Structure formats: C-alpha cells, structure tokens
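Some notes on the structure that comes next.
The values are calculated or read from the model by the stated rules, or taken from the named source; none is laboratory data. The structure displayed is predicted, hence computed values, not measured ones. When we count neighbours, we look across all protein chains shown, and the Cβ atoms used for this are built from the backbone with ideal geometry, even at glycine.
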Amino acid sequence: MFQCYDINIVTALDDTIHDGVYVISLSLGDVTLLYNIDIIAIGAFHALEKDIIVSSASGNSGPLNGTVTNVAPWILTVGASSIDRNITPNSTVFPIKPAPVAAGPSSRGPSFISPDIIKPDVSVPGASILAAWSGARPAMDPSGKFVRVNYAIASGTSFACPHATGTATFIKSVHPSWSPAAIKSAIMTTGRRSLLR
C-alpha cells in the first residue's frame, strides 16, 4: 500500500485549484476523520469555494458496514459496482448476472461521523476495469509472477472514481454555470439500471 502525506495532498489540491480546473478526481482516502481535521474534506471544501466539484473514492474496506471514507457532504463519494462480464487471459465471460451489484471490497455506509448523510453517493463500475498502469509498480499476472505492463485489469473504488469524474466533467461541459452541488445532485438522481441486464 502506498501512503500520501497530508502536506503532499494539500499541496496537490492547492496546485490543482490554482490551475483553474472545474473537476478534481481524487482516488485516495484513509480512515474517516472529523471534517475539521480530515485533510481531504478540508481541501475539497477549498475546491468547492472555487466552484470545483471533487469526486473521491469511498474506500475498499467492504463489505463491512460503516467503513466508507471521504464522507464530507460536499464530496461526490464513489463506490464500486460490478460489470456484466468477467475478463481473464484470452477469454471473456458475458453476461454475468446480476450486474451491476456492489463490489465486495467497496466500502459501505453509514458514516459514523454523519450517519444521517447516506454515503457513498453513487456506485459506478469499479470491478475488473481495464486501466493504464504505471511501470513503476509491477502488476501480478495470472501465474502469480510480477511483470511490468502498461495496462492491467484492476478493481476497487480508485477505478470507479474516474467514471464518476468523467460524468461530472460531461455535465459541467453541457451546463457550465451549474454549481458542484447541482452537478452532484444530477448524478445522484438520474441513475438507472443498465439496459444490458
């Protein structure tokens, strides 16, 4: 597991805010802390003050209840759901039913800090996702051998978060005057079941 120090997170968020972005994707989290000492909640609030929406991963401590992270109400907290296929070397099993369902490791609510606020806000594809992979961190192949690759199949809320960020970015491009709250509301209230049932 990699660790980010609070000063690095704050610096990255400040730099991103000053770059003039409209949306921030933050695929990291830690234990749930009170808002006034949670560095991600504080940084996301600073972004909100500049009309920037922050999408962040809910954590991978599921299926236990009360494990969700990034629970500040001004953050779009993203859980991971399954997809309707299973991809293995040279084969794809399709369709897998039922799908989508909450992925096993995706952290669950309620938040013990604000139990009256339902988190995560949304659950999007985050299981068996084809993703770009850094050569600095070897991936494990099906035989258990570590290899350096450019792409890998991975799972977790860090792979779900960019899906929600992309949705927020699309909405912002169509409705540039919408606030982060309006964008978050639109994402949370217009979801529907997949047509590929």
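Can you name the residue in segment 135-171 that is farther than 20 Å from N60 by Cβ and among the β-branched types (V, I, T) and is also surrounded by the fewest Cβ atoms within 10 Å (Cβ to Cβ) among such residues? Ranking the candidates gives V147 first. Going by what's in this entry, would P162 be described as part of a loop (DSSP other than H, G, I, E, B) and either under 24 Å from F45 (Cα atoms) or free of Cβ contacts under 8 Å to residues at least 12 places away in the same chain (or both)? When the stated conditions are applied, P162 does not pass them. Would you call S61 in contact (Cβ under 8 Å) with a residue 40 or more places away in the chain and under 24 Å from F170 (Cα atoms)? The answer is no for S61. A residue that is surrounded by 12 or more Cβ atoms within 10 Å (Cβ to Cβ), within 16 Å of the chain's Cα centre (by Cα), within 23 Å of P98 (Cα to Cα) and not hydrophobic (A, V, I, L, M, F, W, C) occurs nowhere in segment 179-186. You will find that of V93, V78, V101, the residue that is touching a His at 6+ places or on another chain (Cβ under 9 Å) and under 30 Å from D141 (Cβ atoms) is V78 and no other. Considering segment 132-151, the residues that are under 23 Å from the mean Cα position of the chain (by Cα) and polar (S, T, N, Q) include one that is modelled with the lowest pLDDT, namely S134.
Matching residues to (1) surrounded by 14 or more Cβ atoms within 10 Å (Cβ to Cβ); (2) farther than 16 Å from V23 by Cβ; (3) of a type outside the set (V, I, T); (4) modelled with pLDDT of 95 or more:
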{"position": "S58", "(1), (2), (3), (4)": "yes, yes, yes, yes"}
{"position": "A72", "(1), (2), (3), (4)": "yes, yes, yes, yes"}
{"position": "D84", "(1), (2), (3), (4)": "yes, yes, yes, no"}
{"position": "I87", "(1), (2), (3), (4)": "yes, yes, no, no"}
{"position": "F94", "(1), (2), (3), (4)": "no, yes, yes, no"}
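Is it fair to say A80 is within 15 Å of the chain's Cα centre (by Cα) and either in a strand (DSSP E or B) or among the charged types (D, E, K, R) (or both)? Spelling it out, A80 is indeed within 15 Å of the chain's Cα centre (by Cα) and either in a strand (DSSP E or B) or among the charged types (D, E, K, R) (or both). When I9, I17 are checked against the criterion of being β-branched (V, I, T), touching a residue at least 12 places away in the same chain (Cβ under 8 Å), surrounded by fewer than 20 Cβ atoms within 10 Å (Cβ to Cβ) and closer than 27 Å to A139 by Cβ, a single residue qualifies: I9.
Can you confirm whether segment 31-52 contains a residue that is under 21 Å from M188 (Cα atoms), of a type in the set (S, T, N, Q) and touching a helix residue (DSSP H, G or I) at 6+ places or on another chain (Cβ under 8 Å)? No, segment 31-52 has no match at all.
Among the residues of segment 24-41, are any part of a helix (DSSP H, G or I), within 14 Å of the chain's Cα centre (by Cα) and within 29 Å of S177 (Cβ to Cβ)? Yes, some residue in segment 24-41 is part of a helix (DSSP H, G or I), within 14 Å of the chain's Cα centre (by Cα) and within 29 Å of S177 (Cβ to Cβ). Residues that are loosely packed, with under 14 Cβ neighbours inside 10 Å and either touching a residue at least 12 places away in the same chain (Cβ under 8 Å) or at positive phi (or both) within segment 24-50 comprise V31, L34, K50, listed in sequence order.
Taken over segment 106-127, the criterion of being assigned to a loop (DSSP other than H, G, I, E, B) and crowded, with 18+ Cβ neighbours inside 10 Å is satisfied by S106, S107, R108, G109, S111, K119, P120, D121, G126, A127. One residue is enough: does segment 49-68 have a residue meeting the conditions closer than 21 Å to I153 by Cα, part of a strand (DSSP E or B) and among the small types (G, A, S)? Checked segment 49-68: at least one residue is closer than 21 Å to I153 by Cα, part of a strand (DSSP E or B) and among the small types (G, A, S).
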